[in-house]
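Here the structure is laid out as structure tokens; the discussion comes afterwards.
Computed from the coordinates by the stated procedures, all read-outs in this text should not be read as laboratory data. What you see is a predicted model, and the numbers here were worked out from it, not measured in a lab. No Cβ is skipped: glycine too gets one built from the backbone with ideal geometry, and neighbour counts run over all protein chains shown.
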Amino acid sequence: MLKAPGTHLLTLKYDEMLSSFAFKFNLRRYNQVPEMHRVPLTEIVLQIKKLGVGQSAEEFLAGALEPPAPLAVAGGVIDNKHSTNV
């Protein structure tokens with residue numbers, strides 16, 4: 001390990017540990033499952049309808065970078081229909 005003049009070995013170890021931690025943290029963050037795949041889509045579907053984007057919720061969400069499963073979107077649409085009927 002090369003060390004710059006006036007740099008302590010402890011400082012180098014700390015920097016190495018810190019960069020290793022940052023790398024692991026970022027790696028976990030990039031591998032995390034998108035929120036649309038983890039939560040019910042009822043609220044998102046309702047927001048899409050309120051915004052009036054000119055498409056159905058299914059079409060709009062299909063354009064996402066990592067779109068949710070069509071069955072999950074259909075479940076959100078059905079949940080909204082049931083809540084408006086009550």
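Quick one: net charge of Ile44's neighbours, Cβ under 14 Å, K/R +1, D/E -1? Spell out each step's value before the answer.
Numbers: positive: Arg38, Lys49, Lys50; negative: Glu35, Glu43, Glu58, Glu59, Glu66, Asp79.
Spelling it out: positives minus negatives among the neighbours equals -3.
Could you give the length gained on full extension between Arg38 and His82, defined as 0.36 nm per residue of separation minus the Cα-Cα distance, in nm?
13.7 nm
Tell me, in nm to one decimal, what length is gained between Val53 and Ala74 on full extension, where the rule is 0.36 nm per residue of separation less the Cα-Cα distance? Full extension of this stretch gives 5.8 nm more.
Put simply, the amide H of Ser56, placed in the peptide plane, has no neighbours under 5 Å, leaving out anything fewer than 5 places away on its chain.
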